[in-house]
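Just below is one structure, and these are the notes that go with it.
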Amino acid sequence: MDFNRICGKLSLLPRFSKQLILAAADFVILLLSVYFAYVLRLGFVFTPNGAQCLLMLAAPILAIPVFLRFGLYRAIIRYLPERAIWPIFQATAIASLFWVMLVFLTEMTGVEGVPRSVPLLYWLLSTILIASSRFGAKWLLRLGQGSKAYSHSAIIVGAGEAGRQLATALRSHSDTFVLGFVDKDPALYGMDIVGLRVYPPEQIQSLIENHGITEVVVCDPTLDGAQRRQLIAQLSKLPVDTRILPPIADLTRGKYLVSALRSIEIDDLLGRSPVPPDASLLRSMVEGKTIMVTGAGGSIGSQLCRTVAHWSPARIILFEMSEFALYQIDRTLREAANCEIVPVLGSVLDQELVERAIRQYGVDTVYHCAAYKHVPLVEANPFEGIRNNVFGTAAVAQAVLAAQTERMVLISSDKAVRPTNVMGATKRWAEFIVQYYSSIARSAGRNQSFSSVRFGNVLGSNGSVVPLFQEQIARGGPVTLTHEDMTRYFMSIREASELIIQSGAVSETGDTVLLEMGEPVKIRDLAENMILLAGLTVRSAQNPDGDIAIEVIGIREGEKLYEELFYDPSSAEVTKHPKIMRARHSGLTVPDLPAELERLRAAVSARDGGAGPAHPFRPDRGGK
């Protein structure tokens, strides 16, 4: 039998058998170490007497439990890191001290003593021989495994079915060595699954440090948001790449390549556990229908189009003012969608064009996403913000009413609640407009629904703080905050688009529905976590040598420390979807909306910032 076959058979042995072989080898090495310690001290080879034989046998008997305690039998010899010399050094030192104590006790009983230099020589020899045996075996095993070499070493978090399949695939078809599993189930600790040891989460840092781990792959679907956030925060401080295995359902839908692992995304730090979409609600709102999305080239509009395309609509009408944005989303959808795609280039302020598109293509639902959303830009250009956000909404609502379209859904914002900036005030106006047209349709006995969907910040949307922080980190900082205590609600763009569509199925005409956003996130915590995820450290007074500084620049005009989703949280009603709530109608409306809009239009035309109605702009007014 050749050397390679011997190595192969050894590698296939159960882990317990390998540990027994290693312990037996250590027993012999320690026995030889103590004997040669005597030989070096006496200067000649001798035959030990009975008492000496007992003392020599006691040395490995005392040492093996110490080696167990220091984990010398947990390491995989083939991938033993150089830093493993330190626990060997400690274990042999403690074992030698125990043996010295035994020698001292035997001397008290009158047994012939041991020369004082023998324990020291025993410790030196045992350290050298144990370490040499470990690293020698590592060299021989690697020599016997042929030309295959591993460039990465990994731990898999989650010993479930997905983790087992991943471990098998990595061991068979990659250059990644898998050390073992980390799982939160105590019943699995110490077990071997597909030939790999299962460790508790508390040991993950020591495993990474002691075994030179370069990657941690998270594939435990049972981790909730808080557990995932805690794990990622811990791993972000260690010198490893952290990846997440996508859910099997996403793999089967082709969202990810099977051979690829998703890197940690900023969504994973926000602690939100997305509720899977209700397929029946999505299908009822989209399947076989003609859907029109205004602002289709924007971040929310484009994702909404992609989500709609997945649920078999008859036709999608892409209404967009930006030629380039319209070209991009049109090209994307034509490659992926199995329905008719109709691009319409124009502004929502052109009511005639909006109505013609609705009538020509028989639109069933209009999602009104077109708006200027960036608070500082709208604050600096208030008249354009009012024109687009207020009068654009009025034009779309009038077109929907005239064409007797089944449904209009306005995409609103949490900034519409007690607005302190122009953007929030325009969104509050838009909500009033939707309520007004809802009342008209109801009074006329029409089966039309006008509703608003209000939610907070969307990760990945244009103007989001996340891409800004990413750019600042890439430039080497500083990362800029407007206030230490500022918080915001966050939601992934995909979840937001799915909930927007589902909200139509649970809302009634005139409703303002609110998407449940979880707990607000402190922006400073978000910035620190993003810096850590980039493999860098935060520069601060406690860590002056850190990589990226965080600088507080002060609150911008019109900006709040925190946002709200409700005027009155007690007024919120639950719906049949756990992430969608309905705000009860308080009865507050603009008394004569058309007249107020005309006054506002005149003020905008005259560029008169002090004129026009103030009703929806006042932050202290009630409402939904």
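The C-beta contact set for region 504-531 (first residue farther than 30 Å from T480 by Cβ, second residue part of a helix (DSSP H, G or I) and hydrophobic (A, V, I, L, M, F, W, C), distance under 6 angstrom, 6+ apart or interchain) comprises G504/M285; A505/L281; A505/M285. Any idea which residue in region 269-296 is farthest from Q404 (Cα to Cα), counting only those that are at pLDDT 85 or above and of a type in the set (D, E, K, R)? Here the residue is R283.
With respect to E320, is the statement that it is crowded, with 24+ Cβ neighbours inside 10 Å and closer than 21 Å to Q360 by Cβ true?
yes
Just for region 156-181: of the residues that are more than 20 Å from Q19 (Cβ to Cβ) and assigned to a strand (DSSP E or B), which one is modelled with the lowest pLDDT? The residue in question is T176. Any idea which of A527, A496 is surrounded by 19 or more Cβ atoms within 10 Å (Cβ to Cβ) and under 21 Å from S412 (Cβ atoms)? On inspection, the qualifying residue turns out to be A496.
Applying a threshold of 6 Å to beta carbon distances and a minimum spacing of six or more residues, or different chains, the list of pairs starting in region 46-62 at a residue that is touching a residue at least 12 places away in the same chain (Cβ under 8 Å) and ending at one that is loosely packed, with under 12 Cβ neighbours inside 10 Å reads A51/E112.
Out of A425, A430, one residue alone is over 18 Å from L514 (Cβ atoms) and either in contact with a Gly (Cβ under 9 Å, 6 or more places away or on another chain) or in a helix (DSSP H, G or I) (or both). It is A425.
The values are calculated or read from the model by the stated rules, or taken from the named source; none is laboratory data. Bear in mind the structure is a predicted one, so any value in this text is a computation, not a measurement. Cβ atoms come from the backbone with ideal geometry, glycine included; neighbour counts cover every protein chain shown.
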